[in-house]
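Here is the structure we will look at, set down as structure tokens.
The values are calculated or read from the model by the stated rules, or taken from the named source; none is laboratory data. Owing to the predicted nature of the structure, the values given are computational and were not obtained by experimental measurement. Cβ sites come from the backbone with ideal geometry, for glycine too, and all protein chains shown count toward neighbours.
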Amino acid sequence: MIRKLLQPILAVVLGLALGLGVTWLAGENPLHVFIILAKGAFGSSYDFGMTLFYSTPLIFTGLSVAVAFHAGLFNIGAEGQLTLGALAAAAVGAVWPGLWSPLAPVVAGLAALLAGVLWGAIPGWLRARRGSHEVINTIMLNFVAAGLASYVALYLLKNPASQNPETRPIGTSYLIHQFAIFGGAPVSLALSLALLAAILVWVFLWRTVLGFELRAVGQSESAARAAGIDPGRIRIIAMCLAGGLAGLVGVGEVLGNAGKFRVGFSPEYGFIGIAVALLGRNHPAGVVVAALLFGALHKGAAALDLETERVTQELSLVLQALILLSVSADGLWSWLSRRAPKPIEAQA
Amino acid sequence: MILQLLASTLRVSTPLIFAALGGMFSERSGVINIALEGLMLIGAFGAAVGAYVTHSPWLGSAAGMSAGLLLAALYGLFVIRWRANQIVAGTAINMLALGLTPFLCKILYDVTGQTPAIPLADRFQAAPLYLSWIMVALCWLWLKYTRGGLWVSFAGEHPEALDAAGIRVNRVRWAAVLASGALAGMGGASLSVFLASSFSRNMTAGRGFIALAALIFGKWKPLPTALACLLFGFAEAVQIRLQGVSLWGGKPIPVQFIQILPYLVTILVLAGFVGRSRPPKALGTPFLRA
């Protein structure tokens, strides 16, 4: 248990140390950079609110990658799924701006969920029934989603009042509650939804039969098959769930923040979700903690452009990449220790 | 018009061909390479800086290839030496290149957006285009007729057999991954020193993934892969050509549908709807001597 917690922590420390070492090479004081990062992320209630705002989509994408991972699948497609989820929510809100208040955000949220589910179902089905690998398919579908979304934003639902590539605004009845205590940072009910999703994913994976079957397929396809489970069916379900979770990113972005779909709104939330899931050991609680860390890195780094001479906000990508690298080598150690022959024990 | 389109197709295919050939070495030897995007990006950056400093596109390309090689060495260290998951490590390499390039750009030139423009005389006119097709031929010959080529294929198809023959599988894979870094770096160099006149942030914009798609579409073979690059390059050329052109009713043509075509085609080919593409058997499996 202690080792399980220690490894991700060591990976974070190693990644941060390497990344800050890079800033030292650039001629900055690493301690100074670290303090700017920490202040930028947690310095005021507004800063902390922005950290939570960036963490929210990462909880969704982290859960998305984790659920697929438990079924033995790699969901590199969260980026495309969240793009279409956000687009769907924005499209509903733009096409029926007059829908009444309590119903409107629910309908738009369901649209985001459904769009994600559909976009996840495609690689799930392709893997289960055509045998083509989900990694390549999800990568390709990310680009297809980006193309479709930019088509809709530039042609079908173009915002006439703006030069930016974005859809026209959704009706005001769609906007969801923002918490007031964060000094104007757009922390909305989407955060509550993300935490609820984390709890539901935990219940699903460890307290339901279907969740057990899903993990069984992930651990040993042949054993699952021998137990009468159809691995193909489970894989399709897992990718639908993964897609739906990623699609819900649209709730926070569209209903809780922008009020429209903006092309390129996501700073690679889908890819950072891979790091979040891995660092969180694919456990919902770990995902929440890791999402908070990566959200803090993203927010903290935003101040670097102004507050240092030579370090830019892109440092957050470098730090995230280095943490991901450290944890990837490490994820393997545990994989190996699990694979090492030892007596069969009861499922945790 | 047609000739112009063909010329433009050949030009924009050049970076794709280099990168796809790079991906081919790595993947034929059994190492997945979704890091092509990042390797290209760092190569484009290295080449732009190199050409700007040395006033020579050739030295610039050498710098770009070295940058790709270095990043590929980091990738190899994690996936071959430490047997890290190749997809995770590849994603990390892409993120690293995306973050590191503007970061270095700021240190060198105090701007994050792009490197200073390289004068026309210090850029390539057509050399990378010819070179890319020479590379296609060389790679084909090398894979087919040399012992090293055979080793690479065996490392990806039957690593145990190669090991039994007394060849170190992981050494072959190391060589292949390093070669993929250098070639992808050259792909990036042909972007920044041949097609454009400087490095700009995220200038690869998915071309590494298009190269990967071409590799799959070309069934991991040199000539079909190069032809797939031409096809995808053609899609890009058409799209550039049609940008802003209006059709009936004065409406602009939505280029997005041409943009997504390579990706859709790849999904269909991989699923066996159009032909069938089969990856090397040991692709993605780390080799551990028994």
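Quick check: anything in the range A:262-275 touching a strand residue (DSSP E or B) at 6+ places or on another chain (Cβ under 6 Å) and farther than 17 Å from B:M95 by Cα? Yes, the conditions are met somewhere in the range A:262-275.
Going by the structure shown, is A:G244 touching a residue at least 60 places away in the same chain (Cβ under 8 Å) and on the phi > 0 side of the Ramachandran plot?
For A:G244, the condition - touching a residue at least 60 places away in the same chain (Cβ under 8 Å) and on the phi > 0 side of the Ramachandran plot - is not met.
For the condition at pLDDT 95 or above and either touching a Pro at 6+ places or on another chain (Cβ under 7 Å) or more than 17 Å from A:H177 (Cα to Cα) (or both), what is the one hit in A:A88, A:A94?
On the way: A:A94 fails: at pLDDT 95 or above.
Exactly one of A:A88, A:A94 is at pLDDT 95 or above and either touching a Pro at 6+ places or on another chain (Cβ under 7 Å) or more than 17 Å from A:H177 (Cα to Cα) (or both), namely A:A88.
Any chance the range A:209-216 includes a residue that's touching a helix residue (DSSP H, G or I) at 6+ places or on another chain (Cβ under 9 Å), touching a residue at least 60 places away in the same chain (Cβ under 8 Å) and of a type in the set (A, V, I, L, M)? Scanning the range A:209-216 turns up at least one residue that is touching a helix residue (DSSP H, G or I) at 6+ places or on another chain (Cβ under 9 Å), touching a residue at least 60 places away in the same chain (Cβ under 8 Å) and of a type in the set (A, V, I, L, M).
Applying the set (1) assigned to a helix (DSSP H, G or I); (2) surrounded by fewer than 23 Cβ atoms within 10 Å (Cβ to Cβ) to B:L39 leaves exactly one unmet item: (2). All of (1) on the phi > 0 side of the Ramachandran plot; (2) of a type outside the set (F, W, Y); (3) part of a helix (DSSP H, G or I) hold for A:G72 with one exception: (3).
The number of residues in the range A:271-329 that are within 26 Å of B:Y75 (Cα to Cα) and in a loop (DSSP other than H, G, I, E, B) comes to 7.
From the list B:S198, B:S246, the lone residue that is more than 18 Å from the chain's Cα centre (by Cα) and modelled with pLDDT of 90 or more is B:S198.
Please determine, by comparing only the residues of the range A:1-24 that are in contact with a Lys or Arg (Cβ under 9 Å, 6 or more places away or on another chain) and crowded, with 21+ Cβ neighbours inside 10 Å, which one is farthest from A:G252 (Cα to Cα).
Quick first cut of the range A:1-24, residues in contact with a Lys or Arg (Cβ under 9 Å, 6 or more places away or on another chain) only: A:4-5, A:7-8, A:23.
Add one more test, that the residue is crowded, with 21+ Cβ neighbours inside 10 Å, and what stays is A:8, A:23.
Working: A:P8: 28, A:T23: 33 Å.
Only one residue tops the list, namely A:T23.
Among the residues of the range B:53-84, the one identified as in a helix (DSSP H, G or I) and at the interface with chain A (Cβ under 7 Å from one of its Cβ atoms) is B:F78.
I'm checking my understanding of the structure. Among residues of the range A:25-54 that are free of Cβ contacts under 8 Å to residues at least 12 places away in the same chain and in a helix (DSSP H, G or I), which one is surrounded by the most Cβ atoms within 10 Å (Cβ to Cβ)? First the steps, then the outcome.
First, pick out the residues of the range A:25-54 that are free of Cβ contacts under 8 Å to residues at least 12 places away in the same chain: A:25, A:29-31, A:35, A:43.
Next, from what is left, pick out any that are in a helix (DSSP H, G or I): A:25, A:30-31, A:35.
Working: A:L25: 9, A:P30: 18, A:L31: 11, A:I35: 14.
Per the stated criteria, the residue is A:P30.
Name every residue in the range A:175-190 that is surrounded by fewer than 20 Cβ atoms within 10 Å (Cβ to Cβ) and within 21 Å of the chain's Cα centre (by Cα), in order of residue number. Of everything in the range A:175-190, those that are surrounded by fewer than 20 Cβ atoms within 10 Å (Cβ to Cβ) and within 21 Å of the chain's Cα centre (by Cα) turn out to be A:Q178, A:P186, A:L189. Quick check: is even one residue across the range B:101-122 more than 9 Å from chain A (Cβ to nearest Cβ), surrounded by fewer than 22 Cβ atoms within 10 Å (Cβ to Cβ) and either β-branched (V, I, T) or more than 16 Å from B:V49 (Cα to Cα) (or both)? Checked the range B:101-122: at least one residue is more than 9 Å from chain A (Cβ to nearest Cβ), surrounded by fewer than 22 Cβ atoms within 10 Å (Cβ to Cβ) and either β-branched (V, I, T) or more than 16 Å from B:V49 (Cα to Cα) (or both). Pairing each residue of the range B:71-85 that is surrounded by fewer than 24 Cβ atoms within 10 Å (Cβ to Cβ) with any residue that is of a type in the set (D, E) and not in a helix (DSSP H, G or I), provided the two are 6+ apart or on different chains, yields no C-beta distance under 7 Å. The criterion of at least 1 residues that are under 21 Å from A:L255 (Cβ atoms) is met, among helices (runs of 4 or more DSSP H) falling completely within the range A:145-236, by A:189-207. Residues in the range B:1-34 that are in contact with a Phe, Trp or Tyr (Cβ under 7 Å, 6 or more places away or on another chain), at pLDDT 95 or above and under 26 Å from B:Q239 (Cα atoms): B:T14, B:L16. Being over 18 Å from the mean Cα position of the chain (by Cα), among the hydrophobic types (A, V, I, L, M, F, W, C) and over 15 Å from A:K260 (Cβ atoms) is the requirement here; does A:W100 meet it? Here the answer is yes, as A:W100 does meet what is asked. Would the range B:163-171 turn up any residue that is modelled with pLDDT of 95 or more, farther than 30 Å from B:A237 by Cβ and among the β-branched types (V, I, T)? Within the range B:163-171, not a single residue is modelled with pLDDT of 95 or more, farther than 30 Å from B:A237 by Cβ and among the β-branched types (V, I, T).
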